[in-house]
């Protein structure tokens, strides 16, 4: 019988420990899922619950996020985070696996695939941002500020508005009518959980986020040799870059996935992912 419970564990790495969620029957092929910024693998639970029908899922919190230890590098980069992911998977005894990454997790997956193509059977990149230079500069300056806890608890209010406004506007700090996302807010419990994950790593969350924002993908995507699908959900703010990203990866497949904020959209998207990853 398939293991329907989403369990949690820790992997020892040089930086301390990487926390991960896992589910699915051990007889199934392994799919590693890497979350976006901010927060951690908790955000992937709705997708994991259905993907485990086809895969054994391993979903780590990346270094410096949620329940994983902070990065120890002086300059946190996407290659460093990819190396941390690969080291953690090696510690779990995973020499070969499928890979799925979203947003920051997609960037990390790109570097993992470049560094260790022999370990990755197929890969899905969900949401790849190819910002124009001026927008990239603005995002680096405003999108992931360093936050230091203080005795007035201002970090608590900041985290709430940071996460909430990320659902309302893109980018979150451009609170203007023309920047409204029109997707609405998640339910209060989900919003609360997302804020808690940011608060867990409030002093370090910005390192991986800034690494992703500054990552020069146009020169890295052509180096991918792993069979890859580029996808973006219907409500994803990075959808405008999907076709360009797909064109940069030799032999990639463009996936027209659905809205991952709805149950129906998740169900339809899981079928698209399954058909690509397990296809011949």
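Note the listed values (1) 131; (2) 140; (3) 153, then indicate which one is volume of the Cα convex hull per residue in Å³ calculated from this particular structure. Of the labelled values, this structure produces (1).
Connecting C-alpha atoms closer than 10 Å in a GNM of the chain, tell me which of 73, 112, 245 has the biggest fluctuation. For the chain, modelled as a Gaussian network with Cα springs under 10 Å, the answer is 73. Going from the fewest other Cβ atoms within 10 Å to the most, the residues 185, 168, 238, 31 appear in the order 185, 168, 238, 31.
Neighbour counts of other Cβ atoms within 10 Å put 85, 277 in the fewest-to-most order 277, 85. By the count of other C-beta atoms within 10 Å, a proxy for reagent exposure, 55, 162, 10 are ordered fewest to most as 10, 162, 55.
If one puts a single equal scatterer on every Cα of the range 1-46 and applies the Debye formula without solvent, what log₁₀ I(q)/I(0) results at q = 0.31 Å⁻¹? Each listed q maps to, in turn, -1.24. Rounded to the nearest 500, the 222 nm mean residue ellipticity of the chain from helices alone is -11500 deg cm²/dmol, with -39,500 (n - 2.57) taken per DSSP H run of at least 4 residues. In the chain, the DSSP beta bridges split such that about 40 percent are antiparallel, to the nearest 5. Taking each residue as 0.36 nm, the span from residue 256 to residue 134 lengthens on full extension beyond its C-alpha to C-alpha distance by 41.1 nm. For the range 77-190, place one equal point scatterer on every Cα, skip the solvent, and apply the Debye formula. What is log10 of I(q)/I(0) at q = 0.09, 0.12, 0.21, 0.23 Å⁻¹? Log10 of I(q)/I(0), two decimals: -0.37, -0.63, -1.14, -1.21.
Average projected area of the Cα convex hull of the range 52-137, in nm²? Averaging across all directions leaves 6.8 nm² for the Cα convex hull.
Among 149, 79, 227, the residue with the largest mean-square fluctuation in a Gaussian network model of the chain, with springs joining Cα atoms closer than 10 Å, is 149. Compute the FRET efficiency between residue 192 and residue 218 as 1/(1 + (r/R0)^6), taking r as their Cβ-Cβ distance and R0 = 35 Å, and round to the nearest 0.05. That gives a FRET efficiency of 0.40. Spin-label pair residue 203-residue 45: with each label point 7 Å from Cα along the Cα-Cβ axis, the two points sit 2.7 nm from one another. Kirkwood hydrodynamic radius of the range 1-159 from all distinct Cα pairs, in Å? Here the Kirkwood hydrodynamic radius works out to 16.6 Å. With the simple model of a label 7 Å out from the Cα in the direction of the Cβ, residue 177 to residue 234 spans 2.7 nm. Every Cα-Cα pair of the range 205-279 was included, and the share exceeding 20 Å stands at 42 percent.
Relative contact order, whole percent, for the range 1-133 stands at 25, derived from Cα pairs under 8 Å and 6 or more residues apart.
A short reminder: the numbers here are calculations on the coordinates, not readings from a lab. This structure is a prediction, so every number in the text was calculated from the model and none was measured. Quick reminder, even Gly has a Cβ in these numbers, built from the backbone with ideal geometry, and neighbours come from all protein chains shown.
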